[in-house]
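Reading through the structure tokens given below for one structure.
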Ligand SMILES: C[S@@+](CC[C@H](N)C(=O)[O-])C[C@H]1O[C@@H](n2cnc3c(N)ncnc32)[C@H](O)[C@@H]1O
């Protein structure tokens, strides 16, 4: 699934995955220490905006410019600022030691590989995986 697929998926007015943070992210977010947080495969920004509302400087990375445009609109609605980066995680360089935590969606092979790199580069990590068949979530955390 490439950028065209995701841009088409997000090309609607409402939020495909909603505007509330993922349950697992909300559960562990308070344990992320102060500092910048990296959100990989962030989509329309629901987790990034939530983490920004807790006071983190958040960088959200995704393949889809349409999704990240919606993420910036969601941030504005909530009165927070987030940085958004349109990039393919297969090539995205994760700055070692630059992040207090990461919040990564492992729903696709490229994000999963990038999340592993993030785990090696971040002090704290809250990665999570979509269990597609049941639309449930399983979390993994080092917090
Ligand atoms: C299932 S959606 C989840 C979005 C968001 N994490 C959420 O839960 O609301 C998966 C996301 O992964 C992104 N994605 C898939 N492959 C990617 C890649 N190679 N690089 C960057 N983002 C990618 C898609 O654009 C999409 O936004």
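Annotation for the range 99-116: no member residue is at pLDDT 80 or above, out of contact with any strand residue (DSSP E or B) (no Cβ under 6 Å at 6 or more places or on another chain) and in a helix (DSSP H, G or I).
Listed here are the residues, each with its yes/no results for (1) touching a residue at least 24 places away in the same chain (Cβ under 8 Å); (2) closer than 20 Å to residue 118 by Cβ.
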{"site": "3", "(1), (2)": "yes, no"}
{"site": "13", "(1), (2)": "no, no"}
{"site": "31", "(1), (2)": "yes, yes"}
{"site": "41", "(1), (2)": "yes, yes"}
{"site": "50", "(1), (2)": "yes, yes"}
{"site": "58", "(1), (2)": "yes, yes"}
{"site": "61", "(1), (2)": "yes, yes"}
{"site": "66", "(1), (2)": "yes, no"}
{"site": "89", "(1), (2)": "yes, yes"}
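The values are calculated or read from the model by the stated rules, or taken from the named source; none is laboratory data. The structure displayed is predicted, hence computed values, not measured ones. Positions of Cβ are backbone-derived with ideal geometry, glycine not excepted, and every protein chain shown enters the neighbour counts.
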